[in-house]
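The numbers here are math on the coordinates, done by the rules we state, and not lab data. All of these numbers come straight from a predicted model, not from anything done at the bench. All Cβ positions, glycine included, derive from the backbone under ideal geometry; neighbour counts span all protein chains shown.
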Amino acid sequence: MMIQTQAWVVPWLSSLSSSVFACLLSLAVAPVVTAACTIAWWRRNNWRRHPFSKCLRLFVDTPHANHPDSWIAVAMEINIQYRRVDKLSTRTSSTTQLVATDSWLLQVGPYSMAAIPLADTLVVIEGAINNTLDTRVSRAGNPQLLKLRTRCVTKKTGDITFRLSSNLLSELERKLVIPILNTGQVVVQKSLADQFLEVFVKTVNQNPPVTDTLQDGSADSCIGCMTEIANVKLERRCEMVEVVGERAPGRCLACSCRPMWCLTCMSKWFAARQDQNEPETWLSSRAPCPTCRSPFCLLDVRILTPKSGSSAAAS
Ligand SMILES: [Zn+2]
Ligand SMILES: [Zn+2]
Ligand SMILES: [Zn+2]
């Protein structure tokens, strides 16, 4: 293959003295050699000296900590959890990403990674910035940026600092074991979903409860989160029950589904089916029942009380 060179290159090279040429050549080759040596150094003992494996080996159980492959089990656990859809993943700057899996908090940059087990993670709110630069119009208001610092409470690792939108704070909080510290008494703006959940719970608690006639004391788990008990039932209360007939748009219909959802999940279901640009209409709107698709309104959501008479705890 013919290599085309500029006409001035050959005379310029021949005009250079041999020492200058050697100097330029060594400058050009040095980064490549350094990178190759660094990779070879990391690769010895199955990547034992790589910064990622050093970081993960901190969290290996003590009896296996000195085994060269001990970090691989931790890496595989993180890999499996990272593939799940319920992880929290958000870009915290132009080059770094924050990921919270089921049991790990990770900050990933172009050349670095920090990991802390969520069970040992203490998050402190250091301050807040009101995001006035975001010009996108939002009915929920511009989100607040919170300055957070996380620290491992059991191992000596570096702190992870990042900025997170206040809309995502409750999602991060749900994954943590240790409650978030707000030592500076920073006023955190609640996300639209959290504000709606508060109003939803308040409104539903004002509806008359309904007695559970199907269960004998043992309530089912919520099919949405599998952590709370299914404590709400859709029972039409807003108008006269219309069991037979066409489903008229804009009217609630009777629902015969057995209780399968907790109040929090029902609130999320209801909010997700509303016009996200018109949050002021949500309380007066309807959503389809998650199972039979019969429309229901907020007045039809009733707290379930067990047969024995003791009240089911509203989440
Ligand atoms: Zn639930
Ligand atoms: Zn239904
Ligand atoms: Zn209704």
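Tabulated data
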{"item": "Phi-based couplings in Hz for region 84-100 (Karplus 6.51, -1.76, 1.60; Gly and Pro marked x)", "result": "6, 7, 8, 6, 9, 9, 8, 7, 9, 7, 5, 10, 10, 10, 9, 10, 10"}
{"item": "Amide H partners (placed H, <5 Å) of Leu176, local residues excluded", "result": "none"}
{"item": "Radius ratio Rg over Rh of region 85-189, counting only Cα atoms, Kirkwood formula for Rh", "result": "0.96"}
{"item": "Order by protection proxy (mean Cβ within 10 Å, highest first), peptides 38-45, 16-23, 73-80, 117-124", "result": "117-124, 73-80, 38-45, 16-23"}
{"item": "Table column - 3J(HN,Hα) (Hz), region 269-274, Karplus curve with 6.51, -1.76, 1.60, x for Gly and Pro", "result": "4, 4, 5, 5, 9, 9"}
{"item": "Stretchable slack from Asp194 to Val32, in nm (0.36 nm times residue separation minus alpha-carbon distance)", "result": "53.1 nm"}
{"item": "Spatial extent of region 24-83: Rg and Dmax, with the Cα atoms as the point set, Å", "result": "15.6, 51"}
{"item": "Cβ-defined net charge surrounding Trp42, 9 Å radius [Lys, Arg +1; Asp, Glu -1]", "result": "+4"}
{"item": "Distance between modelled label sites at Lys147 and Ala272, nm, 7 Å Cα→Cβ extension", "result": "3.6"}
{"item": "Phe52/Met226 FRET efficiency (R0 41 Å; Cβ-Cβ; nearest 0.05)", "result": "0.80"}
{"item": "Of Lys87/Lys155; Lys54/Lys268; Lys54/Lys147; Lys175/Lys202; Lys190/Lys233; Lys87/Lys190, pairs whose Cα-Cα distance is over 32 Å", "result": "Lys54/Lys268"}
{"item": "Residues with amide H under 5 Å from that of Ala254, placed H, sequence gap 5 or more", "result": "Glu242"}
{"item": "Long-range HN-HN contacts of Ala230 with modeled amide H, under 5 Å", "result": "Asp220, Ser221, Cys222"}
